[in-house]
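What follows is calculated from the coordinates using simple rules that are stated; it is not laboratory data. Note that this is a predicted model, so its numbers are computed, not measured. No Cβ is skipped: glycine too gets one built from the backbone with ideal geometry, and neighbour counts run over all protein chains shown.
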Amino acid sequence: MPRTNPFDQPVGEPMLGWSPRPQPGAVTLAGRTCRLEPLNAAQHADALYAAYSQAADGRDWTYLFVGPFDSAEHYRHYAEAAEQSTDPRHYAVIEQVSGRAVGTLSLMRIDPGHGVIEVGNVTFSPQLKQSVLSTEAQYLLMAYAFDTLGYRRYEWKCDSLNAPSRKAALRLGFSFEGIFRQAVVYKGRSRDTAWYSIIDREWPALKAGFQAWLAPENFDEQGRQRQSLLAMREA
């Protein structure tokens, strides 16, 4: 039964002791296969541009608000501006073995008062996409938002036509919430936005699934997964 107030109206759960959450900081988050560092153009831009340039064409930029970039200098100018931003707060994904930056992602639309935060600007190079590193990068940022900062809601939004992004959201454990029609204009196009979220009470089970999937024993000698992330969550 829902809670009611003195007027017999249904109301939400009380938030005793709630206080605004901290802003995300310029932190380094270390994992087994990758780490996240605050984006720094001087340290990361050249490696990132080289990593993105491995793609055969510009399709990876279609559903992003920026790019593609036609030169390392052009990308560096973008990275210099992005590193100054605190919302979005951009992080570079660093491969642990090589120490090279291979992608970026950010925490954005940060709402400390309500404990809501979004992961966005996910820009993964061919080296990073569909890899263990990409999953661990997402896990590290989720864990930072829920476990360290104490946010209640973690959002994923994308163009409703972006099938790979929508598939990735579901694989990572986000719940689909609906379509916001004509929500955005970008790159001269109208965008219907698909909304997904994870909330704090779902996080402990999702976290356990990520940790089990990321464990070295879940991968064979060729680096192939023994069980899927979904199977780990269901277990």
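Quick one: Karplus J couplings for the range 168-185, per residue in order, coefficients 6.51, -1.76, 1.60, θ = phi - 60°, nearest Hz, x for Gly and Pro?
So the J values, rounded to whole Hz, are 5, 4, 5, 4, 7, x, 6, 9, 6, 10, x, 10, 9, 6, 6, 7, 9, 10.
Test of the criteria: in the range 1-67, which trypsin sites (Lys or Arg not before Pro) are in a DSSP loop and have at most 15 other Cβ atoms within 10 angstrom of their Cβ?
Passing both the DSSP loop test and the Cβ count: ARG32.
Nearest 5 is fine: what % of DSSP beta bridges in the range 23-234 come out antiparallel, could you say? Present the calculation step by step, with values, prior to reporting the outcome.
Details: 35 of 39 bridges.
Bridges in the range 23-234 that DSSP calls antiparallel: roughly 90 percent.
About its Cα centre, how strong a charge dipole does the range 23-234 have in debye, to the nearest 20, once Lys and Arg get +1 and Asp and Glu get -1 at the Cβ?
500 debye
Using label points projected 7 Å from each Cα along Cα→Cβ, tell me how many nm separate ALA208 and MET15, to one decimal.
2.7 nm
Hey, of (1) 0.95; (2) 0.99; (3) 1.07, which did the structure itself give for Rg/Rh (Cα atoms, Kirkwood Rh) when calculated?
For Rg/Rh (Cα atoms, Kirkwood Rh), the calculated option is (2).
How far is helix 72-84 tilted, in degrees, relative to the longest principal axis of the Cα atoms in the chain, given as a value from 0 to 90 rounded to the nearest 10?
The angle comes out at about 30 degrees.
R0 = 22 Å: FRET efficiency of GLU217 with ASP147, Cβ-based, nearest 0.05?
Using R0 = 22 Å, I get an efficiency of 0.40.
Check ARG21: other-chain or 5+ apart residues with amide H under 5 Å from its amide H, H built from backbone geometry?
GLY113, GLY115
Report, in deg cm²/dmol and to the nearest 500, the calculated mean residue ellipticity at 222 nm for the chain, where each DSSP H run with n ≥ 4 adds -39500 (n - 2.57) and the sum is divided by the residue count.
Roughly -8000 deg cm²/dmol at 222 nm, from the helical runs in the chain.
GNM on the chain, C-alpha springs below 10 Å: top fluctuator among ASP200, ASP57, ASP159?
ASP57
So how far apart, in nm, are the two label points at SER175 and TYR78 if each is 7 Å from Cα heading toward Cβ?
So the two model labels end up 3.4 nm from each other.
Do any trypsin sites (Lys or Arg not before Pro) in the range 148-235 lie in a DSSP loop with no more than 14 other beta carbon atoms within 10 Å, and if so, which?
When the trypsin sites (Lys or Arg not before Pro) of the range 148-235 are filtered for loop state and at most 14 Cβ neighbours within 10 Å, LYS187, ARG224, ARG226 remain.
How many angstrom separate the Cα center of the range 136-176 from the Cα center of the range 1-72?
Using only Cα atoms to place each centre, the spacing works out to 8 Å.
Picking from MET142, SER98, GLY173, whose Cα lies most toward the positive end of the charge dipole for the chain (charges on Cβ: Lys, Arg +1; Asp, Glu -1)?
Value computed over the given set: GLY173.
Work out the FRET efficiency for ASP46 and ARG3 from their Cβ-Cβ distance, taking R0 = 41 Å, and round it to the nearest 0.05.
Using R0 = 41 Å, I get an efficiency of 0.15.
Relative contact order for the chain: what is it in percent, counting Cα pairs under 8 Å that are at least 6 residues apart?
16 percent
Could you point to the residue in ILE110, TYR63, SER85 farthest towards the positive end of the chain's charge dipole, with +1 and -1 charges on the Cβ of Lys/Arg and Asp/Glu respectively?
Comparing the listed Cα positions along the dipole, TYR63 ranks first.
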